[in-house]
Amino acid sequence: MYILDEKNKTPLHLQLYNALKHDISTHYQTGDKLPSIRKVATLYNLSKTTVESAYSQLYAEGYIESRPKSGYYVSELYFDTFTSENPATTSEPSSSYKYDFFPAQLCAEDFPLKTWKRLATKALQETTDFGSYPDGQGELVLREQIAKYLMASRGVVCRAEQIVITSGFIDSMRLLASLLKKTHSHFGIEHPGYHIARKVFEEFAYNIDYIDIDDKGVSLQSIEQSKAQILYITPSHQYPTGVSMPIAHRHKLLELMHQRKGLIIEDDYDSELRYTTRPIPALQGLDKYDSVAYLGTFAKSLSPAIRIGYMVLPLWLLTRYKESYDAHFAKVSLSTQKTLALFMAEGHYDRHLRKMRTLNRKKHNLMRDTLKAILGDTMQIVTQGGGLAILIHPTVAFDWEKFKRLSEEARIKIYLAKERCGGEFEAVRMGFGGLSEEEVLEGVEVFSKIWKKARV
């Protein structure tokens with residue numbers, strides 16, 4: 001039985017997530033089935049969305065896996081990192097790490113809390129019909145603001161009517177997988193690529209086609225040799241290799257997918273945070289075949305805690321969406337949507353983005369320069385210049401297992417690309433977004449000592 005307190009400042013979905021994670025680590029075994037989302041919602045008198053958010057976070061972090069038409073189970077892949085019931089063998093929780101290089105985290109103090117609180121109050125005071133259900137597609141005022149932002153900053157060609165508000169990336173992908181299932185069976189994904197995208201479509205029993213990455217992004221030859229009808233890509237900053245797809249290659253890709261009547265899912269996951277070059281315009285803006293679904297979130301630019309994402313759907317898929325069950329129910333609370341709409345309309349979002357670029361550029365450059373100064377030619381920076389992490393790879397013989405062991409002993413939390421992305425590509429994902437400049441400097445110095453000891 002979990003203790004969940006509505007009066008606690010911690011959101012209910014995070015309380016449930018922490019309780020479930022602790023329960024898994026102390027009482028579950030690999031392959032054990034978790035209670036269904038409906039059962040947990042009923043037992044604790046929670047909304048289905050709250051429970052789904054907690055399960056989605058566990059799923060995203062690899063603690064659980066989903067099996068089609070069966071439910072959620074404890075994942076084998078990461079079970080060996082869980083704590084044990086025996087206190088003598090209990091490993092330290094992540095909060096006990098001296099330095100945590102999580103590659104997708106922001107500093108809590110950077111969130112504009114004072115402004116957000118004021119706008120949240122203003123949103124509630126405005127004329128709002130609390131007697132009716134909110135727009136299942138998302139509040140029009142928010143969709144209009146997102147459409148304006150995407151056109152101005154990313155070159156996305158869309159109207160507010162094409163935008164669907166979701167509770168984040170996983171929610172967007174699940175919705176797409178559901179909408180496309182009757183007419184599409186093969187899902188293509190970059191290899192290496194983002195494992196969560198693959199897992200979602202595996203959950204819906206799609207056939208998975210792995211598409212090779214070359215120096216231009218996804219390999220057109222690899223696509224041609226596959227049966228992919230749906231193609232998930234990160235063209236502006238490929239995850240995890242950092243390759244940017246050239247304009248000519250984008251046109252060829254659009255033509256190729258049009259010929260096979262396919263759909264491209266464009267994930268523009270960190271386009272807002274670029275430090276050395278201007279952001280590359282979205283692939284969607286080049287599409288003349290109505291064959292691109294564009295995905296984005298506010299997780300890296302504003303906060304992962306508010307759980308807001310969005311999709312820009314091609315018109316034919318928008319029609320299918322409006323005929324679906326999902327079109328009737330909002331994925332994000334009315335107050336959160338209206339607060340974000342005000343935040344954007346009054347110019348706060350643009351100012352916040354400028355601030356975040358400045359703060360994170362400093363930490364990015366500090367981490368990059370410190371790594372170069374200490375590790376020199378023993379490592380290669382694979383990708384930099386954007387997002388919240390720098391990826392590095394050893395250029396010398398390297399003992400990865402020793403590296404992982406020494407990192408744990410030194411209480412340094414590291415994140416490797418291969419375990420999340422598949423393929424043979426391996427690199428260390430050095431996140432800086434959640435660290436102060438002082439922590440970046442100190443953390444890299446400690447990290448570098450471990451790196452040198454792991455050389456063969």
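The values are calculated or read from the model by the stated rules, or taken from the named source; none is laboratory data. Because the structure is a prediction, the values reported are computed rather than measured. With ideal geometry, Cβ positions are generated from the backbone for all residues, glycine too; neighbour counts draw on all protein chains shown.
Key figures
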{"item": "Of the criteria (1) modelled with pLDDT under 95; (2) buried (at least 22 other Cβ atoms within 10 Å of the Cβ); (3) over 27 Å from His249 (Cβ atoms), which one Gly193 fails", "result": "(3)"}
{"item": "Count of residues meeting criterion [crowded, with 18+ Cβ neighbours inside 10 Å and farther than 30 Å from Ile208 by Cβ] in the range 407-432", "result": "3"}
{"item": "Entirely in the range 399-456, the helices (runs of 4 or more DSSP H) that have 2 or more residues that are touching a helix residue (DSSP H, G or I) at 6+ places or on another chain (Cβ under 9 Å) and more than 22 Å from Ser96 (Cβ to Cβ)", "result": "418-421, 437-453"}
{"item": "Exclusive hit being surrounded by fewer than 20 Cβ atoms within 10 Å (Cβ to Cβ), part of a helix (DSSP H, G or I) and of a type outside the set (D, E, K, R), set Ile374, Ile381", "result": "Ile374"}
{"item": "Enumeration of residues in the range 172-213 that are out of contact with any Lys or Arg (no Cβ under 7 Å at 6 or more places or on another chain), aromatic (Phe, Trp, Tyr) and touching a residue at least 40 places away in the same chain (Cβ under 8 Å)", "result": "Phe187, Tyr194, Tyr210"}
{"item": "Residue match in the range 392-408 (condition: in contact with a strand residue (DSSP E or B) (Cβ under 6 Å, 6 or more places away or on another chain), in contact (Cβ under 8 Å) with a residue 12 or more places away in the chain and among the polar types (S, T, N, Q))", "result": "yes"}
{"item": "Qualifying positions in the range 426-456 - in contact with a His (Cβ under 7 Å, 6 or more places away or on another chain) and aromatic (Phe, Trp, Tyr)", "result": "Phe432"}
{"item": "Residue list for the range 295-305, restricted to those being within 21 Å of Ala54 (Cα to Cα) and outside any loop (DSSP other than H, G, I, E, B)", "result": "Gly296, Thr297"}
{"item": "Residue match in the range 306-329 (condition: small (Gly, Ala, Ser), closer than 30 Å to Lys117 by Cβ and assigned to a helix (DSSP H, G or I))", "result": "no"}
{"item": "Some residue of the range 332-342 being of a type in the set (Lys, Arg), assigned to a helix (DSSP H, G or I), assigned by TED's automatic domain parsing to the domain that holds Asp267 and buried (at least 21 other Cβ atoms within 10 Å of the Cβ)", "result": "yes"}
{"item": "Residue in the range 281-294 that is among the charged types (D, E, K, R), over 20 Å from Gln145 (Cβ atoms) and in a strand (DSSP E or B) present", "result": "no"}
{"item": "Number of the condition not met by Arg278 [criteria: (1) under 23 Å from Pro103 (Cα atoms); (2) touching a Leu at 6+ places or on another chain (Cβ under 7 Å); (3) without any contact (Cβ under 8 Å) to a residue 60 or more places away in the chain]", "result": "(2)"}
{"item": "Residues located in the range 220-238, provided they are surrounded by fewer than 23 Cβ atoms within 10 Å (Cβ to Cβ) and part of a loop (DSSP other than H, G, I, E, B)", "result": "Gln225, Ser226, Lys227, Gln229, Gln238"}
{"item": "The lone exception for Met257 - which of (1) aliphatic (A, V, I, L, M); (2) farther than 27 Å from Met356 by Cα; (3) in a loop (DSSP other than H, G, I, E, B) it fails", "result": "(3)"}
{"item": "One residue from Tyr59, Tyr17, Tyr55 being at pLDDT 85 or above, within 19 Å of Arg420 (Cα to Cα) and either part of a helix (DSSP H, G or I) or not β-branched (Val, Ile, Thr) (or both)", "result": "Tyr55"}
{"item": "Number of the condition not met by Gly138 [criteria: (1) under 18 Å from the mean Cα position of the chain (by Cα); (2) farther than 24 Å from Lys355 by Cα; (3) crowded, with 22+ Cβ neighbours inside 10 Å]", "result": "(1)"}
{"item": "Count of the range 27-41 residues which are farther than 13 Å from Glu65 by Cβ and surrounded by fewer than 13 Cβ atoms within 10 Å (Cβ to Cβ)", "result": "4"}
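Yes/no per residue for (1) in the same structural domain as Tyr194 (by TED's automatic domain parsing); (2) of a type in the set (Val, Ile, Thr); (3) at pLDDT below 65:
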site: Lys48; (1), (2), (3): no, no, no
site: Ser66; (1), (2), (3): no, no, no
site: Ser84; (1), (2), (3): no, no, yes
site: Phe101; (1), (2), (3): no, no, no
site: Lys117; (1), (2), (3): yes, no, no
